[in-house]
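Only one structure is covered here, and it is reproduced in the block below.
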Amino acid sequence: MARVFTSYACLGHAPGLPEQPERLAAVLRRLRADPALEVIEAEPGDRDLLTLVHPGPFIDQLEAAAASGLPGGEEVPLGAASWPAILGSAGAVAAAVASALDASRHAFAAVRPPGHHAEAARAMGFCPVNLVAMARALARRSGVERALIIDWDVHHGNGTQAIVESDPGTRFISMHQHPHYPWSGLAEERGVGNVFNVPLPPGLPRASYLEALWQAIGAATEGWHPELLLISAGYDCLAGDPLGGFTLEPEDAATWIHRLRERWPTIPIVGLMEGGYAPARLADGVHATVRAMAGP
Ligand SMILES: [Zn+2]
């Protein structure tokens with residue numbers, strides 16, 4: 001079983017193209033059209049959730065920037081509706097983590113703005129706060145010692161890496177186009193041996209990306225048994241995305257989910273929506289992922 005959590009507040013944040021409300025709107029329309037799926041509106045999160053990852057002064061600065069319509073960081077335009085969207089996304093992610101840990105049900109947080117570029121005290125690349133790092137911190141509070149974060153967004157999850165790279169209880173895999181924004185993510189960046197970057201050029205056959213991520217998952221978990229799988233699920237890795245050059249298809253995300261479930265049948269999976277800038281393709285990608293989480 002799988003459940004999808006969202007927050008309608010996430011639709012309000014409207015910084016302009018390409019990280020636009022229509023991305024999430026298209027995803028929600030697609031999920032709601034499938035009677036087998038359950039889409040739940042989560043309670044908004046609170047500031048305490050954000051402080052699991054971000055220092056208080058940084059959070060104050062973001063909130064003030066949103067109220068004044070000032071940027072929260074490099075390529076992070078904010079407005080009055082952005083703060084409720086940030087709290088809404090945090091609430092949906094917290095609900096997804098709780099569903100996975102309390103009820104052992106795979107869960108997906110359909111949220112925006114995305115989070116994986118945000119460092120502890122630096123917003124960047126459309127990402128004000130780091131949601132997957134928050135999910136990891138929440139899980140730790142619930143006693144999860146070993147969590148695997150898989151980031152298949154076409155961009156390097158630099159913010160997540162910076163937050164977890166000295167934490168041996170978290171292993172982080174990022175497959176991304178390289179060289180490409182944000183220019184980091186070399187294979188040599190290993191953290192404390194817990195970081196596994198897979199930088200790849202654009203335009204390879206889709207099977208190359210499919211298998212490269214799977215091999216990295218194998219390498220990252222050799223002799224190490226995760227208790228929770230967190231996915232920074234970006235769909236700008238799909239063919240046709242305006243911001244990426246990978247050639248993956250929605251079914252490839254489903255294949256990864258099926259393989260993860262086969263390899264770790266009792267371990268809950270939490271997916272979080274990151275990038276994906278062709279709304280119809282994003283919707284197909286999320287739908288394929290959630291369907292794979294929900295099926296037998
Ligand atoms: Zn991306």
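The values are calculated or read from the model by the stated rules, or taken from the named source; none is laboratory data. Nothing here was measured: the structure is a model prediction, and the numbers come from that model. Don't worry about glycine lacking a Cβ; one is built from the backbone with ideal geometry, like all the others, and counts go over all protein chains shown.
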Inset, instruction - Would you mention how many residues in the range 142-186 are touching a helix residue (DSSP H, G or I) at 6+ places or on another chain (Cβ under 8 Å), under 26 Å from Ala98 (Cβ atoms) and within 13 Å of the ligand (Cβ to nearest atom)? - result: 6
Legend entry - Failed criterion for Leu229 (all others in (1) within 16 Å of the ligand (Cβ to nearest atom); (2) within 18 Å of Arg105 (Cβ to Cβ); (3) part of a strand (DSSP E or B) hold): (1)
Inset, instruction - For Leu17, state whether it is buried (at least 18 other Cβ atoms within 10 Å of the Cβ), of a type in the set (A, V, I, L, M) and under 15 Å from Pro113 (Cα atoms). - result: no
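To keep it simple, each residue is scored yes or no on (1) in contact with a Pro (Cβ under 9 Å, 6 or more places away or on another chain); (2) surrounded by fewer than 24 Cβ atoms within 10 Å (Cβ to Cβ); (3) over 28 Å from Gly285 (Cα atoms).
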| position | (1), (2), (3) |
| --- | --- |
| Glu63 | no, yes, yes |
| Leu87 | yes, yes, no |
| Asp102 | no, yes, no |
| Ala118 | yes, no, no |
| Val154 | yes, no, no |
| Pro168 | no, yes, yes |
Inset, instruction - Consider only pairs whose beta carbons are under 7 Å apart and that are at least six residues apart or on different chains; among these, list those whose first residue lies in the range 251-270 and is within 10 Å of Leu228 (Cα to Cα) and in a strand (DSSP E or B) and whose second residue is modelled with pLDDT of 95 or more and not aliphatic (A, V, I, L, M). - result: Ile269/His106
Inset, instruction - Find the residue count for the range 30-61, including only residues that are in a helix (DSSP H, G or I) and surrounded by 13 or more Cβ atoms within 10 Å (Cβ to Cβ). - result: 9
Inset, instruction - Can you run down the residue pairs with Cβ atoms below 8 Å, 6 or more apart or on separate chains, where the first is in the range 152-169 and among the aromatic types (Phe, Trp, Tyr) and the partner is away from the ligand (no atom under 16 Å from the Cβ)? - result: Trp152/Trp256
Inset, instruction - Look at the range 262-283 and say how many of its residues are aliphatic (A, V, I, L, M) and more than 13 Å from the ligand (Cβ to nearest atom). - result: 5
Inset, instruction - Tally the residues that are small (Gly, Ala, Ser) and over 14 Å from Ala98 (Cβ atoms), restricting the search to the range 33-58. - result: 3
